[in-house]
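Peer 1: This structure is in structure tokens; I'll ask about it shortly.
Values quoted throughout were computed directly from the atomic coordinates according to the rules given, and no laboratory measurement underlies them. The model shown is predicted, which means the values in this text are computed figures rather than measured ones. Cβ: placed from backbone, ideal geometry, glycine included. Neighbour counts: every protein chain shown.
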Amino acid sequence: MVQPWTADFSITLWVVLMGFFVTAACGLVGNYLLLRRMALVGDAISHSILPGLVLAFIIFKTAATWVAFVGALAAGMLTVLIIEFIHRQSRVKPDAAICIAFTTLFALGVVLMSMLEGTGSFHIDADCVLYGEIAFVPLEPPAVWHGHSLGPPSALRMAIVLAAVILTIAVFYKELLVTSFDPGLAKSLGMRTGIWHYGLMGALALVIVSAFESVGAILAVAMLIVPPMFAAQLSERLPLRLVLTVFHAAASALIGLHLSVWLNCSAAGAMVVAAALLFVVVWIGSQVQRMMHFRRKLPDPRTEEVRVVGAST
Amino acid sequence: MKFPGIVIVTIVAGIALLAPEIAVAARINELSDSTFLDRTVRFFTFRDPSLRNALMGSMLLGICCGLMGAFLVVRKLSLLGDALSHAVLPGVALGFLWNMSKDPVAIFVGATLVGLLGAATVQLLRATTRHKEDAALGFVLASFFGVGICMFTMIQNLPGGNKSGLDKFMFGQAAALGRSDVILLAIVTALALCAVMVFYKEYAITSFDAGFARSLGMPVQIFHYSLMLLLAFAIVSSLQAVGVVLVSAMLVIPAAAAFLLTDRLGKMLILSAVFGMVSGGTGAFFSFVGRNLPTGPFMVLAAAAVFAVSLFFGPRHGIFSRWWRLRSRSARISRENTLKAIYHVLEDEEFETDQVSGRELAERRRETLEEAENELNTLRRHHYVTLSSDGGSASLTPEGWQRACEIVRNHRLWELYLTNAAHIAADHVHEDAEKIEHILGEETVRMLEKRLNYARRDPHGRLIPGLEDIQFAAGRHTVPSRATGFGSATN
């Protein structure tokens, strides 16, 4: 059980930490997506940033991090705009519009990528795009500051993103809450719901892009959806949900690592499996609880309205 | 309406017959030449057997996915295709683990079973938690895909077994399609076609109005699950050629393009299948010409091009067509407003002349002389007025006279109707009438006249032009020296 820790403590620590940073940052943003019923937009954006990465490389002729970042962010925003355009300008339903937008962009990305590979100047492992390899994170040359070794740069970057997400939620808690739960009320309070919508999309793109580079799209997508569902299953109050999300993130990163060592498989994939298993446990638990509620003739928790504390202003 | 599946059957049969007819074995040395033109020629002469498999497979896949996708789109389940195509990944891995080889049948069975499990999980999540559709789909997509990734990486680390080509399930490679894959695709396509043709009515009703179908005593759930089964079949058999990520595109994009073009399910199914087939063929072509580039992305881009064309240029719902209609309508309304202004000018002069100068029109409409002259020129182009030789004044042609009378009549009738029938104050009715005057049809006008007892005057006391006045223009080319209140002279 402790074998991976005793064998190489620092590597294992960084893998778990990286997994935790990604999972927590995604999960926190995901809570708001879940409330807005936009859980699958994360999936769409994570696929469609691929052409952004490749185009940014073609234009700037370098694979530097900030270049990839700009390209991916632009592609993410473009996806959101295309989805809205198709949805507004035609009678195609939003779900179909999401599907059309991201698959087309992804296809474009794969085509561009394979053409670049043909010229031999560029290589992104196509599999890496999908599931990355979190185990390589500790092998990066560590960032050095004033002679102190701080750790792998991508993990530090992810930590900064996580801190930024937490800070944003803390500062704009009320606005995010109201615009997510009741856009009508938000508008009547004079809030610009459009700005918050695009702000959230921007944050989403930011989180996915920074996670994507080192751990692949699948972990990011799963962590946008699974931890918030886990938290929503346990609590109806948003603050508690956010806290539960972070706990779930830590637990699934830790369990996922052990799972991956045990099964000898991809760590990112194992973390997703661990997160899903945690949700299944809670799901079954809530079913059992519901049956007991039913016996005591208490109201079905499903039919109760979600109560929010903190929205009173 | 008879289900026009016969058309699709003909196409499928055509493809099936075409390939063996042109069967000429490729020689090994031909595989080395590789200019673009060469490969294009080779594509269209079907000389490579692997190409024949790839092309047939891609086109069959397009038909099959197009048919199933049409139902997904009308049922608003588009993302279910996406979720299921990701969710079948563990099934592929299981099928591979069965005997450590890429056995199409084992993979097919494994993936179908896991796909159905995924669909059932979505249903279960929605039934037992308060999570919405999108969260349920997202959960299945992500967690199943995660399991699949784990199993794939485990397989990569296992010793032995022929693991090559397993990564093709991600992005698809039609060139890797074997004969058995194509046969599998053909069977699935035939099955989908038969099911849709036999149960066309049932699928249509359950898709559009499940409540109504239930009230007719139809087993709605059975039809839903049979559709899910067919969907899983379509996804699994297409995986090899388009890959996990892009199957959903082949399901949704051709169907959405067809959805924009027609309102009939039957037509939509045909269009969707044809679009899918064309995209499949195009994808196979580019993949072949580009020397074994992944097929899936090219198919999707071809389908997206079709979608973009129907999004912008679709005859009824296209953005461009709608813009064009809007433009021509606002042009017509502006012409009619000018005609109305000319009528007002003439009326103020009690129809003593039939000439309206640009200046009078400009004063009436409160605009510059230049604008007024432009408007008169526009009317001249539509043969509503004739201009005097110096271009300074205009007189109405019979057509112009008739249209002007109609517009003024519509306006005043409507004002009267609003004051009499709806009891709106006389000074509030003008705005409304300004809009409706361009829309009222003859039939509505007859009804209004009847209802208002063929009244002569509008609420402001002005005379309403009658049918006689409009017909008056047909006989004579100039306005009479004293056109009356339009029929009122006799009264």
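Peer 1: Between the alpha-carbon centers of the stretch B:186-204 and the stretch A:169-199, tell me the distance in whole angstrom.
Peer 2: Result: 47 Å between the Cα centres.
Peer 1: Right, another one. Take A:Val243 and A:Lys187, extend 7 Å from each Cα along the Cα→Cβ direction, and tell me the distance between the two endpoints in nm.
Peer 2: It works out to 3.5 nm between the two label points.
Peer 1: Next up: Can you sort B:Arg359, B:Arg403 from fewest to most other Cβ atoms within 10 Å of each residue's own Cβ? Please report the intermediate quantities before stating the final value.
Peer 2: Working: B:Arg359 13, B:Arg403 22.
With the sparsest Cβ surroundings first, the list reads B:Arg359, B:Arg403.
Peer 1: Which of the peptides B:51-60, B:360-369, B:237-246 is most tightly packed, and how do the rest follow, going by the mean number of other Cβ atoms within 10 Å of each residue? Please report the intermediate quantities before stating the final value.
Peer 2: Details: B:51-60: 25.9, B:360-369: 15.7, B:237-246: 29.7.
So the peptides B:51-60, B:360-369, B:237-246, ranked by packing, come out B:237-246, B:51-60, B:360-369.
Peer 1: Taking other Cβ within 10 Å of each residue's Cβ, how do A:Trp196, B:Trp401, A:Trp66 sort, fewest first?
Peer 2: By the 10 Å Cβ count, ascending: A:Trp66, A:Trp196, B:Trp401.
Peer 1: Still on this structure: What distance in nm separates the simple spin-label points at A:Leu116 and A:Phe9, each placed 7 Å from Cα in the Cβ direction?
Peer 2: With each label point 7 Å from Cα toward Cβ, the separation is 4.0 nm.
Peer 1: Using a 10 Å cut-off around each Cβ of peptide B:296-303, what is the average number of partner chain Cβ atoms that fall inside?
Peer 2: Numbers: counts 5, 11, 4, 1, 9, 6, 1, 4.
For this peptide, the per-residue mean of nearby foreign Cβ atoms is 5.
Peer 1: Another question, if that's okay. Excluding A:Tyr198 itself, calculate the net charge of residues whose Cβ lies under 11 Å from the Cβ of A:Tyr198, where each Lys or Arg counts +1 and each Asp or Glu counts -1. Present the calculation step by step, with values, prior to reporting the outcome.
Peer 2: Working: positive: A:Arg192; negative: A:Glu84.
It works out to a net charge of 0.
Peer 1: Another question about this same structure. Round to the nearest 0.05 the FRET efficiency obtained for B:Arg327 and B:Glu399 when R0 = 22 Å and r is the Cβ-Cβ distance.
Peer 2: Values: r = 22 Å, r/R0 = 1.01.
The value I calculate is 0.50.
Peer 1: Next up: With labels modelled as points extended 7 Å from the Cα through the Cβ direction, what inter-label distance (nm, one decimal) is found for B:Gln123 paired with A:Thr62?
Peer 2: Taking the two extended label points, one gets 5.6 nm.
Peer 1: For peptide A:70-77, what's the mean number of Cβ atoms from other chains within 10 Å of each residue's Cβ?
Peer 2: Numbers: counts 0, 0, 0, 0, 0, 0, 0, 0.
Partner Cβ neighbours, averaged per residue: 0.
Peer 1: Next question, about the same structure. Mind checking the stretch B:410-455 for chymotrypsin sites (Phe, Trp or Tyr not before Pro) that DSSP puts in a loop (not H, G, I, E or B) and that have at most 13 other Cβ atoms within 10 Å? Show your work: numbers first, answer last.
Peer 2: Values: sites: B:Trp414, B:Tyr417, B:Tyr454; in loops: B:Tyr454.
Within the stretch B:410-455, the qualifying chymotrypsin sites (Phe, Trp or Tyr not before Pro) (loop, at most 13 other Cβ atoms within 10 Å) are B:Tyr454.
Peer 1: Moving to a separate point now. Between Rg and the Kirkwood Rh of the stretch B:319-491, both from Cα atoms, what is the Rg to Rh ratio? It would help to have the intermediate numbers written out before the result.
Peer 2: Details: Rg = 16.3 Å, Rh = 16.8 Å.
A ratio of 0.97.
Peer 1: Let me ask something additional. With θ set to phi - 60°, apply the Karplus curve 6.51 cos²θ - 1.76 cosθ + 1.60 along the stretch A:104-110 and write out the HN-Hα couplings as whole Hz, x wherever there is a Gly or Pro.
Peer 2: Once rounded to whole Hz, the list reads 5, 5, 4, 4, 4, x, 5.
Peer 1: Here is the link list: B:Lys76/B:Lys102; A:Lys93/B:Lys132; A:Lys187/B:Lys132; A:Lys93/B:Lys267; A:Lys93/B:Lys435; B:Lys76/B:Lys435. Which ones come out longer than 28 Å on Cα distance?
Peer 2: Details: B:Lys76/B:Lys102 34 Å; A:Lys93/B:Lys132 17 Å; A:Lys187/B:Lys132 24 Å; A:Lys93/B:Lys267 19 Å; A:Lys93/B:Lys435 32 Å; B:Lys76/B:Lys435 37 Å.
Beyond 28 Å: B:Lys76/B:Lys102; A:Lys93/B:Lys435; B:Lys76/B:Lys435.
Peer 1: Would you tell me the mean number of C-beta atoms belonging to other protein chains that fall within 10 Å of each C-beta in B:76-83, as a whole number? Please report the intermediate quantities before stating the final value.
Peer 2: Numbers: counts 4, 3, 10, 9, 2, 4, 9, 2.
Taking all residues of B:76-83 together, the mean is 5.
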